[in-house]
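Undergrad: Quick one: this structure, given as structure tokens, is what I'll be asking you about.
Every number in this text was worked out from the coordinates using simple rules, so none of it is lab data. Keep in mind the model is a prediction, meaning the values are calculated, not measured. Because the Cβ atoms are built from the backbone with ideal geometry, glycine has one as well, and the counts that use them run over all protein chains shown.
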Amino acid sequence: MRQIQNFIGGEFVAAASGKRFDKRSPLDNRVIASIAEAGQAEIDAAVKAARSALHGEWGGLTTDQRVELLYGVANEITRRFEDFVEAEMADTGQPRHVMTNVFIPRGAANFKVFADVVKNVPTEAFQMATPDGRGALNYGIRVPKGVIGVVCPWNAPFLLMTWKVGPALACGNTVIVKPSEEAANTATLLGEVMNAVGVPKGVYNVVNGFGPDSAGEFLTRHPGVDAITFTGETRTGTAIMKAASEGMRDVSFELGGKNAGIVFADADFDAAVEGIFRSAFLNSGQVCLGTERVYVERPIFERFVQALKEKAEGVKFGRPDDHDADYGPLISQEHRQKVLSYYRKAVEEGATVVTGGGVPQMPGALAEGAWVEPTIWTGLPETASVVREEIFGPCCHIRPFDSENEVVALANDTDYGLSTTIWTTNLARAHRVAARVEVGITWINSWFLRDLRSAFGGSKQSGIGREGGVHSLEFYTETRNICVKL
Ligand SMILES: NC(=O)C1=CN([C@@H]2O[C@H](COP(=O)(O)OP(=O)(O)OC[C@H]3O[C@@H](n4cnc5c(N)ncnc54)[C@H](O)[C@@H]3O)[C@@H](O)[C@H]2O)C=CC1
Ligand SMILES: O=C(O)/C=C/C=C(\O)C(=O)O
């Protein structure tokens, strides 16, 4: 069983209180790790370490030296690729191919790409006229914001944590990461990487624990934290925003979604089925960008539902390393209860269950795991709970539509605004619809295709701010304007 400590000032440390909590495997509910729970003392120590690194060796590095170190971090992650894959598979139970193709390589890329961005993105300069005719020059310099609190969810732990830590460090900040209580493994492993490549002590810190009345709340309330970046539930975002208002601290939020997939009758049918299948069921539906509402143009509706059903019924449940398996469990028993409660609610509200709706029969110890069936519903009104609320499980509701205007109105009829995926071969229509859908990210004839230089974030209740490329620099630095009279 793994013993996970906090990582503060370059050292792995237990909690002064001696408090620990268990992490259970999503596969079979066995206890697989014991985690030291950080209290106020550990948060204070982490803030102190992060602040002193900012004013110490780290703060004195040139951009080139920082960039070099971050390349070193990326290379060390790649060298220890298998350790990261194993650690994340243990926490989430998701298949090896998802780790090796998507989640872990993105961790390394998050350091390399933002090192490059910081090196290559210029700051602004304006020449201005003055009454004496000599003029003046304004130019901006970017300075790090300071100590950044990084609060992370469990669904793509390493990808989402490094997506914040990479740019924050590239910009010269120091960070205190609060990983999800359900997925602390890879954040801890990254501490080993930081030490191995010589990142100065205190630059990267990890405090483990829960949200309210635990590490998450202590961190986000701490006056020594200068800004907070958070990915997680909208409700948690509200609590963190309240905490950040003390001291006027900046926030960047990536929150929940209830994303629409839109399939026009002229779409490449097989590609659309495959795309919607991935967007609804990848990572067992635990992807913030995932599709839980599917709108299909009426002429192909029945055929589409049938094809998606066949794909959903073809998944093979099993352990991450099982060669015959391609489908994992949910993160925890608690999350499974939430998802299953929506499965029941859908039936109560009158859904036609096209497939799924329950728990698969699993052999041996796996019977104790957090498994649920991929589930498809039709026949519900747009007011139904499973059409309005984010479930964050492997499920979607499919409804027919008859016109472009109708589907745009349906897609926009939600409090959320994170992402959309549109499938059509009529590119003029694709661009038209994309511009009208009220979300931060739209994919046309694709899904989850990521260029880390592009803007990422949500509209409405799906988030505040944008990260990615230059947008990350906007959040992780402050621009100071210097005006020189010539
Ligand atoms: N928009 C996006 O990019 C993404 C959004 N999500 C959302 O995240 C949810 C799943 O992740 P969870 O870990 O369950 O989300 P969550 O919001 O419950 O927890 C996320 C993190 O916040 C911490 N936390 C909880 N309450 C807190 C508080 N009062 N103060 C400070 N920290 C607190 C937790 O310990 C955890 O580390 C999904 O429902 C989805 O909506 C997940 C991934 C990406
Ligand atoms: O690609 C990103 O930067 C973010 C991806 C988000 C997820 O995978 C998620 O939140 O599930």
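Undergrad: Among the trypsin sites (Lys or Arg not before Pro) within the range 302-354, which fall in a DSSP loop and have no more than 12 other Cβ atoms within 10 Å of their own Cβ? Intermediate values should be presented prior to the final figure.
TA: Values: sites: Arg303, Lys309, Lys311, Lys316, Arg336, Lys338, Arg344, Lys345; in loops: Lys316.
Here the trypsin sites (Lys or Arg not before Pro) that fit, given the DSSP loop and packing criteria, are Lys316.
Undergrad: Let me ask you something else. Can you give me the three principal axis dimensions of the range 408-486 from its C-alpha atoms, in Å, biggest first?
TA: Principal-axis extents of the Cα atoms in the range 408-486, largest first: 55, 27, 23 Å.
Undergrad: Something else now. Can you tell me the dipole magnitude for the range 259-444 around its Cα centre, using point charges on the Cβ only (Lys, Arg +1; Asp, Glu -1), in Debye to the nearest 20? Intermediate results must be reported in sequence, preceding the final value.
TA: Values: 17 positive and 27 negative charges, 21 e Å.
Roughly 100 debye for the range 259-444.
Undergrad: Given the range 137-194, what whole percent of its Cα pairs are spread farther than 12 Å? Present the calculation step by step, with values, prior to reporting the outcome.
TA: On the way: 1100 of 1653 pairs.
Roughly 67 percent, rounded to a whole number.
Undergrad: Of the options Val437, Phe84, Phe126, report the single residue whose Cα projects farthest towards the positive end of the charge dipole of the chain (beta-carbon charges: Lys, Arg +1; Asp, Glu -1).
TA: Going by the charge dipole, the pick is Phe126.
Undergrad: Ignoring the sites themselves, what is the longest stretch of the chain with no GluC sites (Glu not before Pro) in a DSSP loop and at most 11 other beta-carbon atoms within 10 Å?
TA: So the longest stretch without any such site is 247-486.
Undergrad: At a 10 Å Cβ-Cβ cut-off, how would you order Val73, Val484, Val354, Val439, fewest neighbours first? The partial results should precede the final answer.
TA: Working: Val73 27, Val484 9, Val354 20, Val439 23.
Starting with the residue having the fewest Cβ neighbours, the order is Val484, Val354, Val439, Val73.
Undergrad: Taking the Cα centre of the range 106-258 as the origin, how large is its charge dipole in debye, to the nearest 20, when only Lys and Arg (+1) and Asp and Glu (-1) carry charge on their Cβ atoms? Before the final figure, lay out the partial values.
TA: On the way: 14 positive and 13 negative charges, 50 e Å.
Taking the Cα centre of the range 106-258 as origin, the dipole is about 240 debye.
Undergrad: Identify the trypsin sites (Lys or Arg not before Pro) of the range 49-147 meeting these criteria: DSSP loop state and at most 15 other C-beta atoms within 10 Å of the C-beta.
TA: Passing both the DSSP loop test and the Cβ count: Arg134.
Undergrad: Let me ask another. Beyond 32 Å between alpha-carbons counts as too far, so tell me which of Lys19/Lys112; Lys23/Lys316; Lys201/Lys460; Lys23/Lys309; Lys164/Lys460 fall in that bin. The partial results should precede the final answer.
TA: Working: Lys19/Lys112 36 Å; Lys23/Lys316 25 Å; Lys201/Lys460 39 Å; Lys23/Lys309 34 Å; Lys164/Lys460 21 Å.
In this structure, Lys19/Lys112; Lys201/Lys460; Lys23/Lys309 exceed 32 Å between Cα atoms.
Undergrad: Now for a separate question. Using DSSP to call loops (not H, G, I, E or B), can you name the trypsin sites (Lys or Arg not before Pro) in the range 196-283 whose Cβ has at most 11 other Cβ atoms within 10 angstrom? Can you show the working numbers first?
TA: Values: sites: Lys201, Arg221, Arg235, Lys242, Arg249, Lys258, Arg278; in loops: Lys201, Arg249, Lys258.
Answer by residue number: there is no such site.
Undergrad: Which stretch or stretches of the range 86-106 have amide N atoms under 20 Å from the point lying 7 Å from Asp22's Cα along the Cα→Cβ direction?
TA: Within reach of a label on Asp22, which here means backbone N under 20 Å from a point 7 Å along Cα→Cβ, the range 86-106 contributes 90-93.
Undergrad: Rounded to the nearest 500, what is the chain's calculated 222 nm mean residue ellipticity when only DSSP H runs of at least 4 contribute -39500 (n - 2.57) each, over all residues? Spell out each step's value before the answer.
TA: On the way: 16 runs with 185 residues, N = 486.
Helices in the chain give a 222 nm mean residue ellipticity of -11500 deg cm²/dmol.
Undergrad: Post the alpha-carbon centroid distance, the range 41-57 to the range 121-150, in whole angstrom.
TA: Taking the Cα centre of the range 121-150 as reference, the centre of the range 41-57 is 29 Å away.
Undergrad: Over the chain, what is the relative contact order in whole percent, taking alpha-carbon pairs under 8 Å and six or more residues apart? Could you put the intermediate results ahead of the total?
TA: Details: 1086 pairs, mean separation 89.8, N = 486.
Value for the chain: 18 percent.
Undergrad: Can you pull the one-decimal nm distance between simple spin-label points at Lys119 and Gln306, each 7 Å off the Cα toward Cβ?
TA: 5.5 nm
Undergrad: Compute the whole-percent fraction of alpha carbon pairs in the range 169-211 spaced more than 16 Å apart. Write down the numbers at each step before the final one.
TA: Details: 335 of 903 pairs.
Everything past 16 Å amounts to 37 percent.
Undergrad: State the three equivalent ellipsoid semi-axes of the chain, derived from the C-alpha gyration tensor as the square roots of 5 times its eigenvalues, in descending order and whole Å.
TA: Values: eigenvalues 296, 178, 72 Å².
Here the semi-axes work out to 38, 30, 19 Å.
Undergrad: Turning to a different aspect of this structure: How are the Cα pair distances of the range 288-331 distributed, in percent, across 5 Å bins from 0?
TA: In whole percents, the pair-distance histogram is 5, 18, 16, 21, 18, 12, 8, 3, 0.
Undergrad: Rounded if a/c is under 1.5, else prolate if a/b beats b/c, else oblate: with a ≥ b ≥ c from the C-alpha gyration tensor eigenvalues square-rooted, which is the range 333-441?
TA: Numbers: a/c = 2.37, a/b = 2.06, b/c = 1.15.
Verdict is prolate for the range 333-441.
Undergrad: Hey, what's the Cα Rg ratio for the range 259-444 versus the globular rule of thumb, 2.2 N^0.38 Å? List each step's numbers first, then the result.
TA: Numbers: Rg = 16.1 Å, N = 186, 2.2 N^0.38 = 16.0 Å.
Working it through for the range 259-444, the quotient is 1.01.
Undergrad: Can I ask one more? What is the magnitude of the charge dipole of the chain about its Cα centre, with +1 placed on the Cβ of each Lys and Arg, -1 on the Cβ of each Asp and Glu, and no other charges, expressed in debye to the nearest 20? Numbers along the way, then the final one.
TA: Numbers: 49 positive and 59 negative charges, 196 e Å.
Once rounded to the nearest 20, the dipole reads 940 debye.
Undergrad: At what distance in angstrom do the alpha carbon centres of the range 219-238 and the range 377-427 lie from each other?
TA: 30 Å
Undergrad: Can you tell me what percent of all Cα-Cα pairs in the range 183-315 are more than 21 Å apart? Before the final figure, lay out the partial values.
TA: Numbers: 5297 of 8778 pairs.
Roughly 60 percent, rounded to a whole number.
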